[in-house]
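Trainee: Sharing a structure here in structure tokens format.
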Amino acid sequence: MELTVNGERRTLDDTLADPAMPLLWVLRDLLGLTGTKYGCGVGACGACTVHIDGVATRSCVRPLASLTGKEKIVTIEGLSKNGSHPVQKAWAKLDVPQCGFCQSGMIMAVSALLKTKPNPSDADIDAAITNICRCGTYNRVRAAIKLAAQGVVRRRVSAADGLQTEGGLS
């Protein structure tokens, strides 16, 4: 079977790719994309969230057999090459992660939300972001969602001293 993951066509070894295997393990074990995390195995925590055709999807409960090979799958590694996605920048600016384990799934869920609702209300955030954070960083997550919705955090390099400084929002 072939999958499109992070913009690349990837061929799976049929001897290893069991149709019942969850997409999470295909991504981690067969394709080496370990940014997507295993949290609960039942789709409750959201640590395994990826995008399938732009929709936030819990990959731990999505069997390989449910995919046709035509879908476009995006993992945290494919969201941006260098952490420049607005959600990633907002996360860094507000120091959202504590332990960080849930954050790749949280970032993927938030980026999908902002595609459909660029200026989400608190009710929109409550409805769409059901990911669990054991460290309880929910207030920082909400603040970062609102910051990301405002625009991209810019980095400016001072020509005089070569230091990188945080800029405003674009």
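Trainee: Taking a quarter of the surface of the Cα convex hull of the stretch 1-129, what do you get in nm²? Write down the numbers at each step before the final one.
Mentor: Numbers: hull surface 31.6 nm².
Quarter of the Cα hull surface area: 7.9 nm².
Trainee: Each label point is 7 Å from the Cα along the Cα-to-Cβ direction; what then is the distance between the points at ASN82 and THR11, in nm?
Mentor: Label at ASN82, label at THR11, 3.3 nm between them.
Trainee: Calculate the FRET efficiency for THR116 and LYS146 from the Cβ-Cβ distance with a Förster distance of 25 Å, rounded to the nearest 0.05. It would help to have the intermediate numbers written out before the result.
Mentor: Numbers: r = 16 Å, r/R0 = 0.64.
For THR116 and LYS146, the calculated efficiency is 0.95.
Trainee: Another question about this same structure. Would you mind telling me the share, in percent, of accessible area of the stretch 1-53 contributed by carbon and sulfur at probe 1.4 angstrom?
Mentor: Ligands and nucleic acids excluded, carbon and sulfur reach 50 percent.
Trainee: Most fluctuating residue of GLN150, GLN88, GLN103 in a GNM of the chain with Cα springs under 10 Å: which is it?
Mentor: Looking only at GLN150, GLN88, GLN103, the largest GNM fluctuation is found for GLN150.
Trainee: Moving to a separate point now. Over the stretch 5-49, with a single point scatterer placed on each C-alpha, what log10 of the ratio I(q)/I(0) does the Debye formula yield at q = 0.16, 0.17, 0.22 1/Å?
Mentor: Cα-only, vacuum Debye calculation for the stretch 5-49: -0.45, -0.50, -0.80.
Trainee: Measuring from label point to label point, each 7 Å out along Cα→Cβ, what is the ARG134 to VAL55 span in nm?
Mentor: In this crude label model, ARG134 to VAL55 measures out at 3.0 nm.
Trainee: If you don't mind, another one. Nearest 10 degrees, 0 to 90: what angle lies between the long axis of helix 103-116 and the longest principal axis of the chain (Cα atoms)?
Mentor: 80 degrees
Trainee: Counting heavy atoms of the protein chains only and a 1.4 Å probe, report the per residue accessible area for the chain as a whole number of Å². Each step should come with its number before you reach the end.
Mentor: Details: 8870 Å² over 170 residues.
Per-residue value: 52 Å².
The values are calculated or read from the model by the stated rules, or taken from the named source; none is laboratory data. Please read all numbers here as calculations on a predicted model, not as lab measurements. Every residue, glycine among them, receives a Cβ derived from its backbone with ideal geometry; neighbour counts consider all protein chains shown. The protein model used for the area step is the full one, side chains on, heavy atoms only, and it has no ligands, DNA or RNA in it. Shrake-Rupley method; radii C 1.70, N 1.55, O 1.52, S 1.80 Å.
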